[in-house]
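The values are calculated or read from the model by the stated rules, or taken from the named source; none is laboratory data. Source: prediction; values computed, not measured. Glycine also receives a Cβ, built like all others from the backbone with ideal geometry; neighbour counts cover every protein chain displayed.
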Amino acid sequence: MKKISLRKKAEETIKARGNKYASLSSEQLQLLVHELQVHEIELELQNEALRETQEALESSRMQIELSRNRYVDLYDFSPLAYLTIDATGKIIEANLSTEKLLGMTRNALLKKSLTHFMRREEADHLYLGLQEIKERGSLELRMHRNDDTSFYGHLEILSIPGEGNEKQYRVALQDITQRKQAEENLQIAARIFETSPAGITITDADGNIIRTNRAFTTVTGYSQKEVIGKNSRLLKSDRQDKQFYQKMWQKLTESGIWEGEICNRRKNGELYIEWLSITTLRGRDNKVSHHIGSFYDITLRKRNEEKVQYLAHFDSLTGLPNRTLFNDELSRRVARTAQNHQHLALLYLDFDHFKEINDELGHPEGDHFLQNAAQRIKQCMRPSDLLARLSGDEFCIIVSALDDQSLVLHVVSQITEKIVEALRFPMELEGGTVTQSVSIGIAIYPQDAEKIADLVKYADLAMYEAKQQEGGAYIFFSREMNRNLMHQLNLKKDLKSAFKSDEFFLCYQPQIDFQGRIRGFEALLRWKHPKKGILRPSSFIDVLEAMDLINDIGQWALRTACAQASRWRQQGLKDFKVAVNLSPHQLMKDTLPSVIDKALHDNGLDGKYLELEITESLMIKDPSRAARLLEEITGQGIEIALDDFGTGYSSLIYLRRFPIKTIKIDQSFVRDITRDENDAILVKTIISMGKNLGMHIVAEGVETEAQKDFLRKNSCEILQGHYYAKPMPEEAINQWIAERQTWPE
């Protein structure tokens, strides 16, 4: 910009304006010139800034042009195909690599849609993919070039704004055919590897596992994750000696292949037999790089070969020796015992009421019980003893090599006591919890018999003698057993005369709540034997149930208890029930409802004063029939109580299936509630469960204040036991009622 002298400009300005500045003094003129100088400097600075801005703009324009040219070069000459498409797939622009990939010039491409290079279904995938992509996305589609040669295309897609509101997409297109083919080949190889019926392991040169397949896991139990990096020695069973493996590796070194049968161990410790083939792989340096092992589990085949022989001598359910092997082994051991002048004991075992398990829970659960029971029995024996299953629930144990009679008694008693105790412990089955007892008969060689047939016969006889006990008993054979049999016959005879002679009577034991109120009485049968005195049912009930008299005695007890309840009601006693026990034989009689109805009617008694006590074992013989009869009985206002709760087979089943109103906790659980934590927890659980089901809870066998306090604390509403009163006959219980004014708290 051309500079103009400030003074000259000032002078020209003064002349131009005439006299306007003529009157200015010299000082005023100097001030005016100073101001003009300042403005001149400002103008020069502004001109300089404007010039720099123009230079920067020119430089920026050149940079932009250079960048655009570089972008065009990068875009056009990129090895990757780039193109821009609209929402319909129409190609808006494309680079040179796109021309090469699709086999069509750029001008021709701009007249096409990208779907032109796809089949119909792939075009649909493209349209759908474009709709779903918001910012970025990718697709893999089958495509074809202009010459119809096909390829796999990988599309990286970027959504960009187009003209107006229409979307456009930047697409990077790559031919991934080789990669897809490689992937497919790998997938096929992997699928073959994984689905091969043969177990396969790949190890390094040192035998460390690199990879396994699914069949390997199926056979060994080890997942691939568990064995990677571990040596294949992990599977060794130690059934093959060191020499076996030396020969294996020698063969592999010489020929690169080994085949043979080998015993290995699964993850769970189980042994299995496999047919194994090992191939050695070598690298370019001829050094061993890998070993590939392929094997088949042939355990089943080997077992099948042995099964015929096995089944001929062993029980298929329990795996124990069967009757054939038992007889052979007994003969052999008896011969050896005689030769060594020793003793031998034969134990004959039979489970008490096993048929009830089969009937109630089903034969599969019965089989499960026998299997578990056999294992428990084996744990109670010496290693040298032999346990065999003869049939059903009958088992025999041979206890041999006993030097003298005292040792016989000691060893056999020890074994039998362990067995009885082991089987007393509850067993969990799918159908419920089972508590089972076993009866054991014992015969000794040569004291009881020298012939094998007699030895088995006497052990069997002793077992039946043991069954006459309350369960869980064992008895040595003796010549006195005949006398015991005679006793049973005499007992039957006495029972017949006892009923005719009115030797039976009822005792009553009160049931008390925590407010001291009488809630009921349990009627208990007693026999006043002319020679033996007062007998409890446990000493004769089994014989009585085996006789037709059980129904007559049961009806008599029902009538007698109803008559007593009627008298108490007339004397002013209120809100009570008399509980009468029913036998299995009574419950199986269709006439039972009418018998009960007559006993109530004859005594003018309402059904609400009567309670019938049943046990679980009473119902399991014919549950459907029992349920029907009980429903009919409860229709008369009578309530049903389940006695000895928890000691049977499937208590919870009956609580749901039968019209039970009261649960009686068995005295065996109450006895130790203050000393045994398990019994305490069990009783608490029964009380809580019963209350949740809306049932009354009665605890039997309460004898101490500590027991009473425990039950009271845990909300058991009714107690029965010697703490309050023992069972008493009619005269004594009436006096007890009259004299008792207050009740223990």
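Structure notes:
- Only one entry in Lys621, Lys664, Lys608 is modelled with pLDDT under 90 and either in the same structural domain as Gln570 (by TED's automatic domain parsing) or farther than 27 Å from Val434 by Cα (or both), namely Lys621.
- Any hit, region 455-469, residues being assigned to a helix (DSSP H, G or I), without any contact (Cβ under 8 Å) to a residue 40 or more places away in the chain, under 30 Å from Phe669 (Cα atoms) and of a type in the set (D, E, K, R): yes
- Taken as a whole, region 472-489 holds no residue that is in contact with a Leu (Cβ under 6 Å, 6 or more places away or on another chain), aromatic (Phe, Trp, Tyr) and either farther than 30 Å from Ala641 by Cβ or in a helix (DSSP H, G or I) (or both).
- Leading residue by the ranking (surrounded by the most Cβ atoms within 10 Å (Cβ to Cβ)) among those in region 127-150 that are farther than 15 Å from Arg170 by Cβ and touching a helix residue (DSSP H, G or I) at 6+ places or on another chain (Cβ under 7 Å): Met143
- Restricting the first member to region 74-99 and to residues that are of a type in the set (S, T, N, Q), and the second to residues that are surrounded by 15 or more Cβ atoms within 10 Å (Cβ to Cβ) and assigned to a loop (DSSP other than H, G, I, E, B), the beta-carbon pairs closer than 7 Å and six or more apart or on different chains are Ser78/Asn95.
- Residues that are without any contact (Cβ under 8 Å) to a residue 40 or more places away in the chain and either touching a Leu at 6+ places or on another chain (Cβ under 6 Å) or outside the structural domain of Met118 (by TED's automatic domain parsing) (or both) within region 139-160 comprise Leu139, Gly153, Leu155, listed in sequence order.
- Residues (surrounded by fewer than 17 Cβ atoms within 10 Å (Cβ to Cβ) and in a strand (DSSP E or B)) located in region 264-279: Leu271, Trp275, Ser277, Thr279
- Inspection of region 326-343 finds no residue satisfying the criterion of being without any contact (Cβ under 8 Å) to a residue 40 or more places away in the chain, among the hydrophobic types (A, V, I, L, M, F, W, C) and in contact with a strand residue (DSSP E or B) (Cβ under 8 Å, 6 or more places away or on another chain).
- Filter result for Ile512 (in the same structural domain as Met728 (by TED's automatic domain parsing) and in contact with a Leu (Cβ under 8 Å, 6 or more places away or on another chain)): yes
- Summed over region 413-446, the residues that are assigned to a strand (DSSP E or B) and either farther than 18 Å from Asp460 by Cβ or out of contact with any helix residue (DSSP H, G or I) (no Cβ under 8 Å at 6 or more places or on another chain) (or both) give a count of 6.
- Picking from residues in region 565-606 that are part of a helix (DSSP H, G or I) and among the basic types (Lys, Arg), the one that is nearest to the chain's Cα centre (by Cα) is Lys598.
- Members of region 214-237 found to be more than 29 Å from the chain's Cα centre (by Cα), surrounded by 14 or more Cβ atoms within 10 Å (Cβ to Cβ) and closer than 20 Å to Ile298 by Cα, listed by number: Ser232, Lys236, Ser237
- Hey, Ala182 touching a residue at least 60 places away in the same chain (Cβ under 8 Å) and either outside any helix (DSSP H, G or I) or within 30 Å of Leu114 (Cα to Cα) (or both) or not: no
- Among the criteria (1) among the hydrophobic types (A, V, I, L, M, F, W, C); (2) more than 30 Å from Ile444 (Cβ to Cβ); (3) touching a helix residue (DSSP H, G or I) at 6+ places or on another chain (Cβ under 8 Å); (4) part of a helix (DSSP H, G or I), the one Val543 does not fulfil is (2).
- Selection from region 625-643 of residues that are under 20 Å from Glu522 (Cα atoms), in a helix (DSSP H, G or I) and either touching a helix residue (DSSP H, G or I) at 6+ places or on another chain (Cβ under 6 Å) or modelled with pLDDT of 90 or more (or both): Ile633
- Residues (within 53 Å of the chain's Cα centre (by Cα), at pLDDT below 90 and crowded, with 19+ Cβ neighbours inside 10 Å) located in region 492-517: Leu495
- Hits in region 344-360 (condition: in contact (Cβ under 8 Å) with a residue 40 or more places away in the chain and surrounded by fewer than 21 Cβ atoms within 10 Å (Cβ to Cβ)): Asp350, Asp352, His353, Phe354, Glu356, Asp359
- Long-range neighbours under 7 Å by Cβ, at least six apart or interchain, first residue over 11 Å from Gly89 (Cα atoms) within region 105-134, second hydroxyl-bearing (Ser, Thr, Tyr) and crowded, with 17+ Cβ neighbours inside 10 Å: Leu109/Thr98
- Of all residues in region 267-296, those satisfying the criterion of being acidic (Asp, Glu) and either closer than 18 Å to Ile209 by Cβ or over 35 Å from the mean Cα position of the chain (by Cα) (or both) are Glu274, Asp285.
- Subset tally (residues that are farther than 25 Å from Asn213 by Cα and outside any helix (DSSP H, G or I)) for region 241-257: 1
- A count restricted to region 668-722 and to residues that are outside any loop (DSSP other than H, G, I, E, B) and among the acidic types (Asp, Glu) stands at 4.
- Of all residues in region 313-327, those satisfying the criterion of being out of contact with any Asp or Glu (no Cβ under 7 Å at 6 or more places or on another chain) and either in the same structural domain as Ile273 (by TED's automatic domain parsing) or surrounded by 12 or more Cβ atoms within 10 Å (Cβ to Cβ) (or both) are His313, Phe314, Asp315, Thr318, Gly319, Leu320, Arg323, Thr324, Leu325, Phe326, Asn327.
- Every pair of residues 6+ apart whose Cβ atoms lie under 8 Å, when the first sits in region 512-535 and is part of a loop (DSSP other than H, G, I, E, B) while the second is surrounded by 17 or more Cβ atoms within 10 Å (Cβ to Cβ): Phe514/Glu717; Phe514/Leu719
- Which listed residue, of Glu430, Glu394, Glu470, is surrounded by fewer than 20 Cβ atoms within 10 Å (Cβ to Cβ) and modelled with pLDDT of 85 or more: Glu394
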